[in-house]
Amino acid sequence: MFAFIVADTLVIATFVVYFARWAAEQHRLTRQAESLQEHLARHEAARSELRRAA
Amino acid sequence: MSLRNRLHAACGLSAIAFVAVAVWMAACIAPTEQSMGDIQRVLYVHVSVAWLGLCGFAVMAVSGVGYLLTRNLRFDHWFQSAGELGWITSGLTLATGSIWAHEAWGTWWEWEPRLTASFVLWLIYCAILLVRGSLDDPHQRARIGGVLGVMGAADLPLVMMATRWFRGMHPVSPQMDPLMRWTLLVNVLAFTALFAWLITERRKQLRFRQSNDDLQRTLIGRMKCSHS
Amino acid sequence: MNKVWWVLQKDLVAEFRSLRVWPSMLLLGVVVAMVFGLQMDLLPQQKQRLVGGMLWLAVFFAGMAAIERSFSAERDDACWDGLRLFPVDLSLVFWSKWICNTIALSALEVVLFPLFFALSHVSLLAHPAELLLVTMLGNLGLSAVGTLVSALATSIGRGGNLLMAVVLPLATPVILAAAEATRMIAEDALNQTFWRWVQLLLAFAVVFVTVGTLLFPAAVED
Amino acid sequence: MTAPQPAIQTVLLSKSFGLRPVLHDLNLTIPAGQCVGLLGVNGAGKTTLLRCLASLTRPTSGSVHWFGEAAADKPQSRRLIGMVGHESRVYPQLSLRENLVFAARMYGVHQPESRADHLLQDVGLAARASAKPREISRGMQQRIALARALVHNPPILLLDEPFAGLDAHGSEWLVRMIDSLRNEGHAVCFTSHDLAVTQQLADVVYELRSSRLEKVRFYGPNLMMRAAA
């Protein structure tokens, strides 16, 4: 029975680790997307400001 | 959380529940094998991951052809996620097989056909992922991956044949109790469901990453424009 | 179809004039043979068992190095771009390169076979026709895989060396089949299994020439 | 009768390497018989643009057409293109003449040997026909590269920095050569960062800046005015 427990634990633990890495990456990407959107909006605003001044 | 996300989460949870049932069946429901005893229970998970290792190749080959025909990076996201999970499952095949071999044959490793074949399979996965990891341009990565994926899939049956004729020791398909067959089937299906769910989630994530990259690229382009 | 011949002729002439790939390939093969020879302090029967595998590994390593170099030579002076601009189907270029690399492997074997058989005290000429068949099929398969992967490696420039690591797992069936078949020839045991290995070699060559013909245009893009 | 198709036309051509945008939505049209000069600092993407025009590099998005035909659709349509790159694209082991004969055969030129001799005469290398490419000077290498690109008399000629490394005499020769090709009706596109030569030779001059093309007008020697193309 011991071998069985080791084998199944190994398989499931690997999937869990994969999922955890997935979640970490997802978190990073979400934050990156937010900051990129913010950058883009700021850039857009600065440009329209310039255009109005001109 | 949108409806779609909820649906995805529900799929994931049911896949996990399914796997739990499968493991429980393998541990408690399936009868103990007479000659080998409890060690034989390793087989349920081993066969499942071995099957998934092959599935990974099939997905890679199909999405590789898809990319080469359409040059759409969507296919490459399938390719990458199938490659990663295929690499993991074929690695697990080696690990669980090794555990089984240690108990049943008294050795961790034997240059036996199926073992050799899955080792070669794992090496091909390693090589493809390594090469792809060293490339920066997404289209170049997709093109190299596509060609290698098709080559690997074309090679697979030949590897199997060659190693099988070479020497034989691995049990092919022994007589089994019907309950054992059911347990095996449930295990294969459950792990396949988990695998499919992980692949689709990972693919979605890769697409997300690409849209971030596109955004970053437009941002870089705009900045270059306004500075000059 | 004569375009295949023109490229092949160009490659052979260039190689014979500069001798930049073949001598180093032969040297590598001979060194491997020597190392194996030194290590093979075994009974004649054991040597007969081993010689096939050793031989084909030597052919594989020396041959792949040569194939890879013959492609990176195209990269010099950007000849590669010139080749890709010709108004011919690039699959034809695959065929030229494939035939050229098969010839290179055969040249290597002309040197290596006598060497290995002498080292292991196996008679070379017991089954010359079968030996020739196995060798040619093995060469055709190996050079098809090598050609396609080298083309990929060349197309990505630096970092391409890493790609050559893919060839060994992909070529396992040929190496295994050719080694086993050669062992059977050395042991004078030509049974049904031998012909199975020959079939496998044939299947491998056919599969990879097909794959190469279809994928080569995509493999050489930039 | 419909208007003749332009020799080269790009539609929203974009190319990026990873995160770096190199070309952004370029619309470039070159009619037959026109000579276009491309200016730009190092790394502006001139070579990438030329490689896209020659179908050597696949654009990330957008398309290139040669005489109305999508580039790289059929291998046969590559016959329309002749290109001189940074490097000479001749094999160092073959003599100049052998290189030209090989190229002529691959292009399916009628009587490749006499075509090679004729070209060697044209570029003034007939005396060195049996020399190897590494044995001749940079200026001569540029000549053989041009001869190799012209072996099938292509209606479109792309030249990447053709004047780099040439002395005054050599560039004068090249200017004359390109000029006569243009007058014969070839479409020519070349990159350079030599303002004087570009101004002298090109009918239309573009500058590649921040991944976009800007039309350049000259007012007097080397005085430039830019406008979005």
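Just so you know, all these numbers are worked out from the coordinates, no wet-lab data involved. Nothing here was measured: the structure is a model prediction, and the numbers come from that model. All Cβ positions, even for glycine, are placed from backbone atoms using ideal geometry, and neighbour counts span all protein chains on display.
Table for the structure above
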read-out	value
Karplus 3J(HN,Hα) series, Hz, for region A:35-50 with 6.51 cos²θ - 1.76 cosθ + 1.60 (x for Gly, Pro)	5, 5, 4, 4, 4, 4, 5, 4, 4, 4, 5, 4, 5, 5, 4, 4
Distance between modelled label sites at B:Thr32 and B:Arg181, nm, 7 Å Cα→Cβ extension	2.5 nm
Protection proxy ranking, peptides D:50-57, B:19-26, average beta carbon neighbours within 10 Å, highest first	D:50-57, B:19-26
Rounded to 10°, Cα long-axis angle of helix B:178-227 versus longest principal axis of chain B	20 degrees
Gaussian network model of chain D, springs between alpha carbon atoms under 10 Å - residue of D:Pro133, D:Pro31, D:Pro21 with greatest fluctuation	D:Pro21
Shielding of D:88-101 by partner chains, average beta-carbon count, 10 Å	4
Chain C: angle of helix C:44-75 to the longest principal axis, Cα-based, in degrees nearest 10	10 degrees
Highest-MSF residue in chain C out of C:Leu163, C:Leu137, C:Leu148 [GNM, Cα springs under 10 Å]	C:Leu163
Sum of -39500 (n - 2.57) over DSSP H runs of 4+, divided by residues of chain D (222 nm, nearest 500)	-8500 deg cm²/dmol
³J(HN,Hα), Karplus 6.51/-1.76/1.60, whole Hz, each residue of region D:119-132, x for Gly, Pro	5, 4, 4, 4, 8, x, 10, 4, 6, 9, 3, 9, 6, 8
GNM top mover of B:Leu189, B:Leu215, B:Leu206 - chain B, alpha-carbon springs below 10 Å	B:Leu215
Amide H partners (placed H, <5 Å) of D:Arg209, local residues excluded	D:Glu214
Estimated [θ] at 222 nm from DSSP helical runs (n ≥ 4, -39500 (n - 2.57)) normalised by residues in chain B, nearest 500	-29000 deg cm²/dmol
Cβ-defined net charge surrounding B:Leu156, 15 Å radius [Lys, Arg +1; Asp, Glu -1]	+1
Environment charge at D:Pro155 (Cβ cut-off 11 Å; Lys +1, Arg +1, Asp -1, Glu -1)	0
For chain B, with +1 on Lys and Arg beta carbons and -1 on Asp and Glu, the positive-most of B:Cys11, B:Val23, B:His77 along the dipole	B:His77
In sequence order, calculated HN-Hα J values of region D:82-99 (Karplus, 6.51, -1.76, 1.60; Hz; x Gly/Pro)	x, 9, 10, x, 4, 9, 7, 6, 10, 7, x, 7, 9, 6, 4, 5, 4, 4
Other protein chain Cβ atoms within 10 Å, averaged over every residue that makes up B:121-131	4
Between helix C:22-39 and chain C: long-axis angle, C-alpha atoms, 0 to 90°, nearest 10	30 degrees
Helix-only mean residue ellipticity at 222 nm for chain C, each DSSP H run of n ≥ 4 adding -39500 (n - 2.57), per residue, nearest 500	-28500 deg cm²/dmol
Whole-angstrom gap from region B:1-27 to region B:114-137, using each part's C-alpha centre	29 Å
Residue order, fewest to most surrounding Cβ atoms within 10 angstrom, among B:Phe195, A:Phe19	A:Phe19, B:Phe195
Placed amide H near D:Ser14: partners under 5 Å, 5+ positions off or other chain	D:Asp25, D:Leu26, D:Thr60, D:Ser61, D:Gly62
